[in-house]
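One structure is given here, and the rest of the page talks about it.
The values are calculated or read from the model by the stated rules, or taken from the named source; none is laboratory data. The structure presented is a predicted model; accordingly, all values stated were derived computationally and were not measured. As a convention, Cβ positions derive from the backbone with ideal geometry for all residues, glycine included, and neighbour counts pool all protein chains shown.
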Amino acid sequence: LAKTTQPISMDSYEGQEVNITCSHNNIATNDYITWYQQFPSQGPRFIIQGYKTKVTNEVASLFIPADRKSSTLSLPRVSLSDTAVYYCLVGVYSGNTPLVFGKGTRLSVIA
Amino acid sequence: GAVVSQHPSWVICKSGTSVKIECRSLDFQATTMFWYRQFPKQSLMLMATSNEGSKATYEQGVEKDKFLINHASLTLSTLTVTSAHPEDSSFYICSAKSLDRGRNEQFFGPGTRLTVL
């Protein structure tokens, strides 16, 4: 599984767009990039997954450059309720392959 | 979406006792479930992979005789912490992968907070 590097923490004001970048220099050809969100004392929640270019859903956008060695999770107009830890995971995750979590990015949204 | 439940959501027990935590996939079948442990301010650490009808696969450093895992059906896996001690106090989270989902997504339970006195 590819190793990922994310900022340990980020702060943002409400209403701003937040971009969290994840580095994964040794990503393999078959690897997908997946982001999870975790609130305190809760299990992680799937946010978005992508393989290349751009993916957008109702919650976030995921930007992946052509070399796929990094990815950026973009949260539009964050609110206080977006305060959480965000994890970037890279891998195939087929069959019995478990998700392996890195340290994640602790996002604090300030009023 | 797919729902995974855990029971209990929190438990307090005395040192030396055993505690069983249940993980259920409510609206889908899962041949594989995973158990994680999370200490305060830390990331999730994979403990074991639980396969329906077979023995669990434990990660290095996880004592299989202390953390007993049983995956008796396609919707239920249990984790029993035997002879619990204060250092076993943690947040235990399970996840399950759906058989019929094309996306590489795991669904996580809400977690169980274990406190050993």
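On the basis of being within 14 Å of chain A (Cβ to nearest Cβ), more than 22 Å from A:PHE101 (Cβ to Cβ) and touching a His at 6+ places or on another chain (Cβ under 9 Å), does B:SER15 make the cut? Judged against the criteria, B:SER15 is not a match.
When A:GLY15 is tested against (1) on the phi < 0 side of the Ramachandran plot; (2) at pLDDT 95 or above, exactly one condition is not met: (1).
Within segment A:10-65, restricting attention to residues that are over 24 Å from B:PHE39 (Cβ atoms) and of a type in the set (Gly, Ala, Ser), which residue is nearest to the other protein chains (Cβ to nearest Cβ)? Among those residues, the one meeting the criterion is A:GLY50. When B:SER43 is tested against (1) of a type outside the set (A, V, I, L, M, F, W, C); (2) in contact (Cβ under 8 Å) with a residue 12 or more places away in the chain; (3) touching a Gly at 6+ places or on another chain (Cβ under 8 Å), exactly one condition is not met: (2).
Scan segment B:1-31 residue by residue and report those that are modelled with pLDDT of 95 or more and assigned to a loop (DSSP other than H, G, I, E, B). If the condition is that a residue be modelled with pLDDT of 95 or more and assigned to a loop (DSSP other than H, G, I, E, B), then B:PRO8, B:SER9, B:LYS14, B:SER15, B:GLY16, B:THR17, B:SER18 are the ones that fit.
Can you confirm whether segment A:38-50 contains a residue that is touching a residue at least 60 places away in the same chain (Cβ under 8 Å) and either in contact with a helix residue (DSSP H, G or I) (Cβ under 9 Å, 6 or more places away or on another chain) or within 22 Å of B:ILE93 (Cβ to Cβ) (or both)?
Within segment A:38-50, the subset touching a residue at least 60 places away in the same chain (Cβ under 8 Å) is A:38.
Still in the running and either in contact with a helix residue (DSSP H, G or I) (Cβ under 9 Å, 6 or more places away or on another chain) or within 22 Å of B:ILE93 (Cβ to Cβ) (or both): A:38.
Looking for residues that are touching a residue at least 60 places away in the same chain (Cβ under 8 Å) and either in contact with a helix residue (DSSP H, G or I) (Cβ under 9 Å, 6 or more places away or on another chain) or within 22 Å of B:ILE93 (Cβ to Cβ) (or both), one finds at least one in segment A:38-50, hence yes.
Answer yes if at least one residue in segment A:73-92 is more than 14 Å from every other protein chain (Cβ to nearest Cβ) and crowded, with 21+ Cβ neighbours inside 10 Å, and no otherwise. Yes, there is a match, as at least one residue in segment A:73-92 is more than 14 Å from every other protein chain (Cβ to nearest Cβ) and crowded, with 21+ Cβ neighbours inside 10 Å.
Scanning segment A:12-37 for residues that are part of a loop (DSSP other than H, G, I, E, B) and either in contact with a strand residue (DSSP E or B) (Cβ under 6 Å, 6 or more places away or on another chain) or in contact (Cβ under 8 Å) with a residue 24 or more places away in the chain (or both) yields A:GLU14, A:GLY15, A:GLN16, A:GLU17, A:HIS24, A:ASN25, A:ASN26, A:ILE27, A:ALA28, A:ASN30, A:ASP31.
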